[in-house]
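*Asks:* Here you go, one structure.
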Amino acid sequence: MPVSDPEKLIAKADKLTKLSLTRWSADWRNATLLYEEAANLFRVAKKNEKAKEAFEKASKGQEMLSSPWDAAKDMESAAALAKELGNWNEVSDFYRRASELYMECGRPQPASDALVKAARALEDTIPDAAVQLYNEASAILEEDGKEQMTFDLYCAASSVYVKLEKYSAAATSLLQLGLAADKCNATNSQCKAYLGAIIMYLYAHDFKQAEKCYNDCSQVDAFLRSDQNRCASKLLSAYTEGDIEEIKRLAQSSTVSNLDHVVIKLARKLPTGDVSALKTDAAVEEEEPLDENDLT
C-alpha cells in the first residue's frame, strides 16, 4: 500500500473546509482526520515546520467538532514541534492554548501539566516566562485542591529564580510551597520550605529579612517545634555573633542536608558577606532600650 503524500492530504483537507458554490458547509470531521494523518507523516519525515502547522490545523478542526480534549492533544503536539524548532514564543502560546482547552473539558491536572511542559522548555531561554508558567500551573492545582502536587513546581520556580539571582523571589516561592504544604498538613515539607526561605535571604545577605521571615514562620506552631526552626535559630544567632565557623558547621548539618538541592548548594556557601558588621549592629542594639511595642 503506497504511503500517502502529506502535501496532498493537506490540500484535500483545506478544500473540505472552504465554502464554495458546491459546498455550503465545511466538512471538519474528514478534514481533521486528514490534517492529523498529514501531521504524523510530516513528523516521521522530520519535516517539523509542516508537521507543526498541520497539528495546528487539526487542533482547530477538533475545536470546530466540539472536542476540546482532542484539540488540546493536537495543540500539545504542535507545541512539542515548536520546541524542536526553537520557536519559544510558539511553545508558550501553544501549551497555554492546550491548557485552556483541557480546562474547557474540566481536566485541571493535564491543564497544569501542559503549562509545566512549557515552563521546562523555556527555563534556559525565557526564564521569567518559565516561572510565570510554573506559578500558573500551581494555581490551577491549588484551585482543584491538589496542593501536594504543587511542591515540585514551587521548587522548580525557586530554582529558576536562583539562576536569575532573584533570591527574594526564590524565597517567596518557597514560602508559597510552605503555605500549600500547610493546607494539606504536610508538616515536614512546610518546615523545610520555611528554613529554605530563610537561607535564601541569608545568601542574599539580607539578615533583616531573614530574621523577619523566621519570626513570621515561627507563628506557625508546627515550625516553632521543628528541627528546621532550631537550625534557623542557631544560624541567626551565629550571624549576630559573627561566628563564621558556626555558620559553616550548621550549613553542613543533617537538617540542611535534607533540604532541596538548590538550597543546600547555597547554604554551603554561607556566609556570603561581612558578618562582623552584624555583630557590631547587635552590640549597639543591646545598648539601646527595648521598645516593647516594636516586635518587628
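*Asks:* Need pairs with beta-carbon distance below 6 Å; first residue within 14 Å of K47 (Cβ to Cβ) and at pLDDT 95 or above and within region 1-16, second in a helix (DSSP H, G or I) and open to solvent by less than 60 Å² (accessible area, probe 1.4 Å); sequence gap 6+ or separate chains.
*Replies:* P6/A38; P6/L41; P6/F42; L9/L34; L9/A38; I10/A38
*Asks:* Residue under question is A82, and the condition is that it be modelled with pLDDT of 95 or more, surrounded by 15 or more Cβ atoms within 10 Å (Cβ to Cβ), assigned to a helix (DSSP H, G or I) and not polar (S, T, N, Q); does it hold? I'd like the intermediate steps shown before the answer.
*Replies:* Values: modelled with pLDDT of 95 or more: yes; surrounded by 15 or more Cβ atoms within 10 Å (Cβ to Cβ): yes; assigned to a helix (DSSP H, G or I): yes; not polar (S, T, N, Q): yes.
Against the criterion (modelled with pLDDT of 95 or more, surrounded by 15 or more Cβ atoms within 10 Å (Cβ to Cβ), assigned to a helix (DSSP H, G or I) and not polar (S, T, N, Q)), A82 qualifies.
*Asks:* Still on this structure, please answer the following. G242 versus (1) on the phi > 0 side of the Ramachandran plot; (2) in contact with a Cys (Cβ under 8 Å, 6 or more places away or on another chain): which is the lone unmet condition?
*Replies:* The number of the failed condition is (2).
*Asks:* For L266, are the conditions met, namely being modelled with pLDDT under 95, touching a helix residue (DSSP H, G or I) at 6+ places or on another chain (Cβ under 6 Å) and either open to solvent by 30 Å² or more (accessible area, probe 1.4 Å) or not basic (K, R) (or both)?
*Replies:* no
*Asks:* Working only within region 28-38, note down all residues that are surrounded by 15 or more Cβ atoms within 10 Å (Cβ to Cβ) and either within 15 Å of D5 (Cβ to Cβ) or touching a Leu at 6+ places or on another chain (Cβ under 6 Å) (or both). Step through it out loud before you land on a result.
*Replies:* From region 28-38, those surrounded by 15 or more Cβ atoms within 10 Å (Cβ to Cβ) are 28, 31-38; that's our starting set.
W28, A31, L34, Y35, E37, A38, listed by residue number.
*Asks:* With respect to E287, is the statement that it is loosely packed, with under 11 Cβ neighbours inside 10 Å and modelled with pLDDT of 95 or more true?
*Replies:* The answer is no for E287.
*Asks:* Does A31 fit the bill of being more than 34 Å from the chain's Cα centre (by Cα), in contact (Cβ under 8 Å) with a residue 40 or more places away in the chain and either in a helix (DSSP H, G or I) or farther than 21 Å from I126 by Cα (or both)?
*Replies:* In short, no.
*Asks:* With respect to Q219, is the statement that it is free of Cβ contacts under 8 Å to residues at least 40 places away in the same chain, at negative phi, open to solvent by 50 Å² or more (accessible area, probe 1.4 Å) and assigned to a loop (DSSP other than H, G, I, E, B) true?
*Replies:* yes
The values are calculated or read from the model by the stated rules, or taken from the named source; none is laboratory data. Just so it is clear, the structure is predicted and the values come from calculations on it, not from any experiment. Note: ideal-geometry Cβ built from the backbone for every residue, glycine included; neighbour counts use all protein chains shown. Ligands, DNA and RNA are stripped out before the accessible areas are found, and what is left, the full protein with its side chains, is counted by its heavy atoms. Shrake-Rupley method; radii C 1.70, N 1.55, O 1.52, S 1.80 Å.
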